[in-house]
Every structure is written in C-alpha cells, then in structure tokens.
Amino acid sequence: MKLLLTLVLSCASAASSADKISAVTGVWRAEMDGVPALVMTISDEGGDLTGAILFYLIRRGDGQPARSAPGIPEPLFAMKFDGKALDFRVSHRRSHGARTANDPPVNFRLKITGPNEGMLVRENAEGEAFRVSRDK
C-alpha cells in the first residue's frame with residue numbers, strides 16, 4: 001500500500017511538472033518593423049528543457065522598407081523555468097564574427113504573459129523587451 005501511494009504521488013508530481021513546462025514549450029516568434037526579429041524553439045525532450053534561438057539582422061533607414069536576414073541559430077543553456085518565467089543564457093561567440101568570439105554569454109528572461117504570449121528581456125536591457133508569441 002505504501003509503495004502504491006508513493007507511485008501515485010510520483011505520477012501526479014510528474015504530470016504537474018509536465019503541465020507547468022507546457023506553458024513555455026513551442027515555437028516563439030517576434031517581429032520588429034513588420035519583419036521577423038527572432039524565432040525561439042523550446043522543447044522538453046526527455047523531461048529536460050532544451051532550445052535554440054535565431055536572431056534576425058534588421059536593416060532599415062536606407063530609403064527602403066525594413067527587411068531582415070537570419071543569423072546563426074544558437075543553443076539556449078542554463079535553462080530554469082519557475083512556471084512564470086524562463087531564465088536562460090545564449091552564447092555570443094558567433095553572433096558578430098571575431099569581435100565577439102570572447103564575449104561572455106548573454107542572460108535572457110522569457111516572461112509568460114498569457115497562454116501564447118510573452119516578453120523576452122535581455123538582462124540589464126528591460127527597455128528593449130521583445131513581445132513574443134507562440135505558434136498555436
């Protein structure tokens with residue numbers, strides 16, 4: 001009986017954890033000036049959160065409409081989700097060529113604001129938050 005109770009509680013805890021994680025898993029996108037600005041994919045492969053982010057270079061101000069070009073996808077690491085916000089880090093070493101090769105990783109926070117909505121904030125740059133939405 002004790003073993004059965006432990007098993008039931010363990011399953012309930014796992015289900016609750018999976019429900020909490022589902023709030024952040026999926027494909028998240030942001031636009032700026034009407035063009036893609038970033039795509040972030042988060043999954044829970046094997047129960048652990050994994051992910052990658054792709055930033056777009058946005059060009060504007062040369063007399064033409066804004067346009068964007070994808071950069072290089074970077075993995076997300078040191079991911080921690082508390083049910084309301086996901087904290088993670090992104091390497092900066094390949095983002096701008098040799099001049100950033102030795103830069104430290106950048107800290108981000110994805111604040112969940114609704115079922116498929118959030119705000120992506122870079123550490124120490126709260127004024128530059130991206131409104132992101134998750135694909136349905």
In the set 91, 68, 133, the lone residue that is among the polar types (S, T, N, Q), open to solvent by less than 50 Å² (accessible area, probe 1.4 Å) and at pLDDT 90 or above is 68
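Whether any residue in the stretch 73-85 is assigned to a strand (DSSP E or B), open to solvent by 80 Å² or more (accessible area, probe 1.4 Å) and under 19 Å from residue 22 (Cα atoms) is what I want to check.
Residues of the stretch 73-85 assigned to a strand (DSSP E or B): 74-81, 85.
Keeping just the survivors that are open to solvent by 80 Å² or more (accessible area, probe 1.4 Å) gives 80.
Imposing the further condition that a residue be under 19 Å from residue 22 (Cα atoms) reduces the set to 80.
The answer is yes; a qualifying residue exists.
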May I ask you to verify whether residue 46 is exposed (fewer than 14 other Cβ atoms within 10 Å of the Cβ), modelled with pLDDT of 90 or more and not hydroxyl-bearing (Ser, Thr, Tyr)?
-> no
Members of the stretch 50-96 that are under 19 Å from residue 132 (Cβ atoms) and in contact with a helix residue (DSSP H, G or I) (Cβ under 7 Å, 6 or more places away or on another chain) | 81, 83
Taking residue 29 as meeting all but one of (1) outside any helix (DSSP H, G or I); (2) free of Cβ contacts under 8 Å to residues at least 60 places away in the same chain; (3) not aromatic (Phe, Trp, Tyr), write down the number of the exception.
-> (2)
Every listed condition ((1) open to solvent by 80 Å² or more (accessible area, probe 1.4 Å); (2) under 20 Å from residue 54 (Cβ atoms); (3) at pLDDT 95 or above) holds for residue 128 save (3)
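The values are calculated or read from the model by the stated rules, or taken from the named source; none is laboratory data. Keep in mind the model is a prediction, meaning the values are calculated, not measured. FYI the Cβ positions are ideal-geometry reconstructions off the backbone, even for glycines, and counts take in every protein chain you see. To get the accessible areas, we keep the full protein, side chains included, count just its heavy atoms, and leave off ligands, DNA and RNA. Shrake-Rupley method; radii C 1.70, N 1.55, O 1.52, S 1.80 Å.
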